[in-house]
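Structure first, then comments.
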Amino acid sequence: MGVPIPHGANAILDRRKLTAYLLSDRHPVGQHKARVLRALGYRTGDAERLADDLLTIASTGRLVAAGETSFGTRYIAEGPVRSPTGRTVLLRTIWVTPRGTTTPRFVTAYPVRRRGT
């Protein structure tokens, strides 16, 4: 697919980040992403499917940007996934490798809108 993020095969994704944020219709920021992800068939009760898709992007997706922040190195990676509805969608993921470590940690994700859609 492309160049993945460094050490992406060892990425860490806290499942609570999915259930309490990314798939939560009550989180002030996550609720907007949750609406889109639910339309693709992802549900809080089956967060493992989304976790697997996101971790696959970390290990095999295409690195589109990297840079230093006060938290460590921030990576943006994209990859196509086949959602539970059967639709293939391009997801953009954000990961941070904290200073002094080599393990990327999940920050957020969202579908990439293609021009004209």
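Throughout, read-outs are computed from the coordinates displayed, never taken from laboratory work. From a predicted model like this one, the values you see are computed outputs, not experimental measurements.
Beta bridges from DSSP with both residues in the chain: antiparallel share about 95 percent, rounded to the nearest 5. Taking only alpha carbon atoms, the chain gives an Rg to Rh ratio of 0.96, where Rh is the Kirkwood radius.
Computed from Cα positions, the angle between helix 30-39 and the longest principal axis of the chain comes to roughly 60 degrees. For the chain, the longest principal axis of the Cα atoms and the long axis of helix 47-60 meet at an angle of about 40 degrees. Straightening the chain between Arg74 and Asp14 buys 19.9 nm, computed as 0.36 nm per residue apart minus the Cα-Cα spacing. What residue among Pro98, Pro28, Pro80 shows peak mean-square fluctuation when the chain is described by a Gaussian network model with Cα springs under 10 Å? So, out of Pro98, Pro28, Pro80, the one fluctuating most is Pro28.
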